[in-house]
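Visitor: Pasting a structure below so you can have a look.
A short reminder: the numbers here are calculations on the coordinates, not readings from a lab. In this text, all values refer to a predicted model and were calculated from it rather than measured experimentally. Here Cβ is always computed from backbone atoms with ideal geometry, including for glycine, and neighbour counts include all displayed protein chains.
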Amino acid sequence: MEDETVESRNQARLKILELANMISVPMSLNAAVRLKVPDAIWSGGSNAPLSAAQILTEIRPFPSGGDAENLQRILRMLASYGVFEEHVVGTGERRYSLTDVGRTLVTDADGLSYADYVLQHHQDELVRAWPLVHEAVLDPMVEPFARANGEPAYSFYGKRPQMNKLMQSAMSGVSVPFMKAILDGGYNGFAGVKRLVDVGGSAGDCLRMIMQKHPRVTEGINFDLPEVVAKAATIPGVTHVGGDMFQSIPFGDAIFMKWILTTWTDDECKLIMENCFKALPAGGKLIASEPVLPKLSDDSNRTRALLEGDIFVITIYRAKGKHRTEEEFRQLGRSAGFPYFRALYIDYFYTLLEFQK
């Protein structure tokens, strides 16, 4: 029998209890975002440590006034995961400020943050899918989201304007910091491009930023589903085009896409990339921004974020959609006709993948 008094067994029991209760983390994060706690603490940049009671005075009115003790319990747990920093003053009162992680949830001057990404992930319809993850193992033909809600996620969102709006806001909140990172980080893959097509470009934020940084890109084509581009705002130099990437893709000197290939099967990705190949001139590039899995698993934040995102894909979008390794992307490119490939690791989550014709 195991000796339950030894250090390794104590640590093992502790670890499994942490994992079993892990749902407390995303749900508490969701609560903090819904309550607008990060904005209340940030307060125009002051980030002064506030008690739970002081935070409640900032985010009121509530008919009941709110419960400071319960809010503190949420904040204390999230502080253990580095979202907030806890300060214990002389009286024993706990106060909280934002860490760099917490600051990603603060609404910026453009109304963007990672907050909507958190909310989008934790909508009731998505939460219903999670108890069915094991079904993706038993029968990968239907993803858990479709089992729970009766149809695939993309068509489900398309019929529900509020969900679609939240999705667009979430993607903008994630895309803008990433685009700033690659555009300010010296990436020169857009040099020489005049007509740039963004496949799955949603509201056109990425194109707008690319064209501002690279004025020689004079024509942008924001290509997405008709119901998506119909609501996109006017952007100088950008034409919003509705269509189906599985049918055809508009011609361009280069094609850009972000987080598109991840949510489709290998065969579907090959078809998308073949349509990109047809839409490019000789020497033209497909520039794909995707999460790329490391060869070996470890317990780093990066690896965990990538592997957790992979399970999100299995659960919500496609049971056989997936995050891929660099070599898997290389092989996909070759199967679609692209002879040249390189991967650039600029951002910690997304990798820039260049496929050249």
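Visitor: Of all beta bridges DSSP finds with both residues in the range 208-357, what is the antiparallel percent, to the nearest 5?
Guide: Details: 12 of 24 bridges.
Here the share of antiparallel DSSP bridges comes out near 50 percent.
Visitor: May I ask for the percentage of alpha-carbon pairs in the range 59-130 that lie more than 18 Å from each other?
Guide: Taking all Cα-Cα pairs of the range 59-130, the fraction more than 18 Å apart is 58 percent.
Visitor: Let me ask something additional. Across the range 195-211, in residue order, what do the Karplus-derived ³J(HN,Hα) couplings come to in whole Hz, using 6.51 cos²θ - 1.76 cosθ + 1.60 with θ = phi - 60° and x for Gly and Pro?
Guide: Ordered by residue, 3J(HN,Hα) equals 10, 10, 9, 9, 7, x, x, 6, 7, x, 4, 5, 4, 4, 5, 4, 5 Hz.
Visitor: Long-range amide H contacts for Glu85: which residues qualify at under 5 Å (H placed 1.01 Å from N, peptide plane, sequence gap of 5 or more or a different chain)?
Guide: The answer is Ser97, Leu98, Thr99.
Visitor: Would you work out the relative contact order for the range 238-310, in percent, from Cα pairs under 8 angstrom that are 6 or more residues apart? All intermediate terms of the calculation are to be shown ahead of the outcome.
Guide: On the way: 63 pairs, mean separation 25.4, N = 73.
It comes to 35 percent, rounded to a whole number.
Visitor: Moving to a separate point now. What order do you get for 288-299, 316-327, 343-354 when each peptide is scored by the mean count of other beta carbon atoms within 10 Å, highest first? Walk me through the numbers on the way to the answer.
Guide: Numbers: 288-299: 15.7, 316-327: 19.2, 343-354: 17.2.
In descending order of packing, they fall as 316-327, 343-354, 288-299.
Visitor: Moving on to the next point. For Arg324, what residues show an amide H to amide H distance below 5 Å, using hydrogens built from the backbone and excluding near sequence neighbours?
Guide: Distant-sequence amide H within range of Arg324: Leu293.
Visitor: Based on Cα positions only, what radius of gyration and what Dmax would you give for the range 7-103, in angstroms?
Guide: So, for the range 7-103, Rg and Dmax equal 14.9, 49 Å respectively.
Visitor: Let me ask something else. Can you list residues whose amide H is under 5 Å from His240's amide H, if they're 5+ apart or on another chain and H is modeled 1.01 Å from N?
Guide: Asn222
Visitor: Kindly write out, for the range 264-277 in residue order, the coupling ³J(HN,Hα) from the Karplus curve 6.51 cos²θ - 1.76 cosθ + 1.60 (θ = phi - 60°), rounded to whole Hz, with x marking Gly and Pro.
Guide: Each residue of the range 264-277 in turn: 10, 6, 4, 5, 5, 4, 4, 5, 4, 6, 5, 5, 5, 4 Hz.
Visitor: Please label the shape of the range 255-335 as rounded, prolate or oblate, based on the square roots a ≥ b ≥ c of the eigenvalues of the alpha-carbon gyration tensor (a/c under 1.5 means rounded; beyond that, a/b larger than b/c means prolate, else oblate).
Guide: prolate
Visitor: Another question about this same structure. Give me the Kirkwood hydrodynamic radius of the range 89-153 in Å, from all C-alpha pairs, to one decimal place? Write down the numbers at each step before the final one.
Guide: Details: mean 1/r = 0.0666 Å⁻¹.
Evaluated over the range 89-153, this radius sits at 15.0 Å.
Visitor: From the phi of every residue in the range 328-339, what ³J(HN,Hα) in whole Hz does the Karplus formula 6.51 cos²θ - 1.76 cosθ + 1.60 yield, where θ is phi - 60° and glycine or proline is x?
Guide: 5, 5, 4, 5, 4, x, 4, 5, 8, x, 7, x
Visitor: P(r) of the range 105-229 in 5 Å steps, Cα pairs, percent per bin?
Guide: Reading the bins upward from 0: 2, 10, 16, 17, 16, 14, 11, 8, 5, 1, 0.
Visitor: While we're looking at this one, here's another question. Pairing the Cα long axis of helix 24-34 with the longest principal axis of the chain, what angle in degrees results, from 0 to 90 and rounded to the nearest 10?
Guide: For 24-34 against the chain, the angle is about 80 degrees.
Visitor: Continuing with this model, one more query. What pairs in Lys165/Lys322; Lys231/Lys322; Lys258/Lys295 have C-alpha atoms more than 26 Å from each other? Numbers along the way, then the final one.
Guide: Numbers: Lys165/Lys322 24 Å; Lys231/Lys322 29 Å; Lys258/Lys295 22 Å.
Table pairs above 26 Å Cα-Cα are Lys231/Lys322.
Visitor: Apply the Kirkwood formula to the chain: the hydrodynamic radius equals the inverse of the mean of 1/r over all pairs of different alpha-carbon atoms; give it in Å with one decimal.
Guide: Values: mean 1/r = 0.0447 Å⁻¹.
By the Kirkwood definition, the hydrodynamic radius is 22.4 Å.
Visitor: Jot down the per residue volume, in cubic angstrom and as a whole number, of the convex hull over the alpha-carbon atoms of the range 32-163.
Guide: Values: hull volume 20.5 nm³, N = 132.
Normalising the Cα hull of the range 32-163 by residue number yields 155 Å³.
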